[in-house]
Amino acid sequence: MSSKNILSHSCEHLLAYAILNTYPHTLLGTDSKPHHNGFYYEVRLEKQLTTSDLTEIEKEMRRLISLSLNFYHFDLRHKEAISLFSLCKQIYKIEILKDIKSNSVSIYKCGNYFDLCRGPHIKNLNQIKEFKLLNISSSYWKSNKQNAILYRIAGMAFPSINDLNSYLKLLEESKKRDHRNLASSFDLFSASNPLIGAGLNIWLPNGAIIRSVIEDYLKKIHLLNGYNFVYSPHIASIDLWKTSGHWAYYKDSMYPPMCVDKSSYVLKPMNCPFHITAFKAHQHSYRDLPIRLAEFGTVYRYELPGVLHGLLRLRGFTQDDSHIFCEFSQIDLELRNIISLALTILKKFGFCKFEVTISTRPDKYIGTLKQWEIAEDSLKKAILYHNLKYSIDIGNGAFYGPKIDIKLKDSLNRLWQCSTIQLDFINALQFDINFINKHGKLEHPIIIHRALLGSFERFIGILIEEYAGAFPFWLAPEQIRILNISEKHISFSKSIESILKHEGFRVKTFLKNEPLSAKIRNAQTDKIPIVLIIGDKEISEKQVAIRLRNSSHLSMEINSLIAYLKQLE
RNA sequence: GCUGGUGUAGCUCAAUGGUAGAGCAUCUGAUUUGUAAUCAGGAGGUUGCGGGUUCAAAUCCCAUCGCCAGCUCCA
């Protein structure tokens, strides 16, 4: 354990000590998991705990620090430990002890507080220089919804006041990068309008440009990679979802049915049944496979209100979705190609760091164990082929098959699933789709579900935070801004604007009567990649002065400028 | 959904039971500007929505909706 973690860990026990002193009937639950950022302690209290109570607890923590108490370590036999914690009626500690198999357990003591703990700890409480309790939230005992609800009190410990201040500064910086804040300064989207409904987003013009540029890029690269695009409706008869199995497995996460002509229809939570139906439109030969059907499909899922989060978690979002129908023998190559395409796309946006997980069979599943085993193996092989590190997320697969997820981090280092690649041996059976194999016999194809950005909304949300609003030239809603120095330069500025527009660039002339320095400042805060300045000198020399976002200057005539801009795209 | 917060002008925030205010943005006028802020003036509000307490509510209470952090969930 690093010294910082030891400090943090000790502070978390100080927190428990202070809570017990302040509220003697507190039941101690679990403390932070090893790699948690900061510390927390989960406790059960009769009293309702509010933020103002945190101040009281902090005060008690500081009082205990001022007593300069030492931590003492000793081992107890398992039995002795149980009777010790029974004596003070710490029922959750007894439950934890019951899960520990060894004969002796490690106990730490500090003042009249003792706790079950592996350690290590700092020697003396006075080594804790700075800390801050951050929030109260609820959590379930053993993270299980069926169990009792505990309070989770979270905080951070710091070796010095400077560390505390730089942490607060970091939070401040992250807040500035937050896509929800940048959205209002740059008019990107509106994802929180109560009149429209929670979790439903409107792309404002600037955000819409970014999205459509990305769509164009994706469309092109998918066509190059052998995909064909289809379009499907936003609602479908409930029978479709009964056939696919979604109704049975995910009814609670779907928007409730609406009645049309005495039939029930639901909003689509996924695109796959449509693509499967599209595959079924023709009789296929093994020679046609793989068939790759793609769609930027908007789906609607009922997410719990508490989980909605800007663009990163919505109830309506558009996936860059695709379903690949192939033979069993084609799986490995397809998976490799999909991962390779995913990596190409992520790289295009500058993402080199991400986390890869394989999610395995969940409790509720369809298909046979043998099928799941083969599917999980294929996924591992494909990841290893690309030399990617991965972790296993046990039981988190879709009901119809295991999956590979690629996760990206937001500005607060929270992970969000973006790319997902799912193997499915089952839906071909449910929908009874098939192709004619080499031997002239009907055979069910394998279906691979995949989305590479995941959703445009989530991906662009992460992208906004990654770039902190300073989009690269090819994505910037306003790529070029032309600033005239005075009124007599307007017509030349307009003619440059027109030339650049005809070349396909997103360009605006900013004609307001302001000093140049003010216009430059605006362009800089608007994070415009290229600023052109037009004055007497430019007109007489038939050149433009260029200011880049990093404040460096260039000067060139219009044809060279066009060539220069083209190579930026 | 759970726990704790929070909601005031387009944005960021102030006003602790007694006349809703500032900065930025916007609009108007003057200024005609050479690489991060020219000056002056105007407009902008059912304090999320609905109840209640009070002579009086942005402020206190209840309910509801949205948002934030964390938990649970995430096909």
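The values are calculated or read from the model by the stated rules, or taken from the named source; none is laboratory data. Only a predicted model underlies this, so the values are computations on that prediction, with no experimental measurement involved. Glycine also receives a Cβ, built like all others from the backbone with ideal geometry; neighbour counts cover every protein chain displayed. Side chains are part of the model used for accessible areas, which takes the heavy atoms of the whole protein and leaves out ligands, DNA and RNA. Shrake-Rupley method; radii C 1.70, N 1.55, O 1.52, S 1.80 Å.
One table, with the values for the structure above:
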| item | result |
| --- | --- |
| Helix-derived mean residue ellipticity, 222 nm - over chain A, DSSP H n ≥ 4, -39500 (n - 2.57), to 500 | -11500 deg cm²/dmol |
| Full-extension gain in nm, A:Ser552 to A:Glu303, via 0.36 nm per residue minus C-alpha separation | 85.0 nm |
| Beta bridges by DSSP in segment A:455-569, antiparallel share as percent, to the nearest 5 | 45 percent |
| Those GluC sites (Glu not before Pro) in segment A:437-522 that DSSP places in a loop and that have at most 16 other beta carbons within 10 Å | A:Glu503 |
| For segment A:123-145 versus segment A:389-424, the gap between their alpha-carbon centres in whole angstrom | 29 Å |
| Fraction of beta bridges assigned by DSSP in segment A:390-540 that are antiparallel (%, nearest 5) | 60 percent |
| Qualifying trypsin sites (Lys or Arg not before Pro) in segment A:222-275, DSSP loop, other Cβ atoms within 10 Å at most 14 | A:Lys262 |
| Gain on full stretching of the segment that runs from A:Tyr140 to A:Asp252 - 0.36 nm per residue minus C-alpha separation | 38.2 nm |
| Per residue, in Å², the accessible surface of chain A once ligands and nucleic acids are set aside, probe 1.4 Å | 50 Å² |
| Low-density loop cleavage sites - trypsin sites (Lys or Arg not before Pro) in segment A:78-107, where at most 13 other Cβ are within 10 Å (DSSP) | A:Lys89, A:Lys101 |
| Nearby aspartates and glutamates by direct alpha-carbon distance to A:Lys89 (threshold 19 angstrom, same-chain neighbours under 8 apart not counted) | A:Asp31, A:Glu42, A:Glu46, A:Glu80, A:Asp99, A:Asp115 |
| Shape call, segment A:480-568: gyration tensor on alpha carbons, a/c limit 1.5 | rounded |
| Alpha-carbon centroids, segment A:1-76 and segment A:159-221: separation in whole Å | 35 Å |
| Sum of side-chain charges, A:Trp247 neighbourhood, beta-carbon under 13 Å (Lys, Arg +1; Asp, Glu -1) | +1 |
| Selection from A:Leu164, A:Val544, A:Asn193 lying farthest towards where the dipole of chain A points positive, charges on Cβ | A:Leu164 |
| Segment A:435-569, accessible surface, carbon-and-sulfur percent (1.4 angstrom probe) | 54 percent |
| Residues A:Asp363 and A:Lys169, FRET efficiency given R0 of 41 Å [Cβ-Cβ distance, rounded to 0.05] | 0.40 |
| For chain A: Kirkwood Rh in Å [reciprocal of mean 1/r, alpha carbons] | 28.2 Å |
